[in-house]
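A short write-up of the structure that comes next.
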Amino acid sequence: MSITYILSGFAVGLLVGMTGVGGGSLMTPLLTLLFGVTPSVAVGTDLAFASITKTAGTITHRSRGTVHWNIVGRLCLGALPAALLATLALQYFGPLNAAIGKVIRYSIAVSVLLTVVAILFRGKMLAWVNAKPSRQLQGRSLVAATVASGAVLGTLVTISSIGAGAIGATLLVMLYPRLTPAEVAGTDIAYAVPLTAIAAVGHWWLGSINWPLLIALLIGSLPGITLGSWAARAMPERVLRGVLAMTLAGVAVKLLH
């Protein structure tokens, strides 16, 4: 049980707790590039890691009042069936080939960079929406877009373990621009719990989870994500917005390499 694994778990957990981002986007590349874990095992182990750590983060965010459960429900309505279907597809067709995997990574990176712009210019974005409310989806259109977004997330997370935080935050910022950064983090973490749990069970069924590695990562990450979740509410919004933007920018750069 390497101290390096434990410290890595703490660092990723801290970022996830504060921003809702950083789990799959950072942990999967970290496991494959730094620790030499095979991609399929890295994805499976990271999903199991995310389902447990995000549960701890959800408990803390719930106590801080930064989870919008109606949005969580809409995302899960699309994400959970998609995760089950993607798991069956992996069993039938096998993992994605390298070329398709690279396209997915680059697409996520571009989406994440767009999120950074949206976060940094959130004030102007809100002013633009408030000037003409019809510019923002509302009512049934907003519900349908959220469910559809959940379906995309469920598929991406199951096949790559990337997307629950990065793309989830992107969609929340775009669909619900009035959410504060702390609410984006809390809602993003909460919907990801059942999604990553289902995806992790699927990968356990496929035999792609390294349990000793998972335990080492959890030892570091559970205190990290709890501390980060408390800090998210206590931090000034401007500071948290900067942390979220920098984290996402780092994720995007990592995905492009």
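Details
- Centroid-to-centroid, using Cα positions, the stretch 49-65 and the stretch 189-257 are 10 Å apart.
- Simple label model, 7 Å out from Cα along Cβ direction - Tyr106 to Leu227, nm: 3.9 nm
- Relative contact order of the stretch 136-257, taken over Cα pairs closer than 8 Å and 6 or more residues apart, is 25 percent.
- Relative to its Kirkwood radius, the Cα radius of gyration of the stretch 163-257 gives an Rg/Rh of 1.00.
- Taking label points 7 Å from Cα along the Cα-to-Cβ direction, Arg140 and Ile215 give a separation of 5.3 nm.
Only the coordinates and a few stated rules stand behind these numbers; no lab work does. As the structure is a prediction and not an experimental result, all values here were calculated from the model. Don't worry about glycine lacking a Cβ; one is built from the backbone with ideal geometry, like all the others, and counts go over all protein chains shown.
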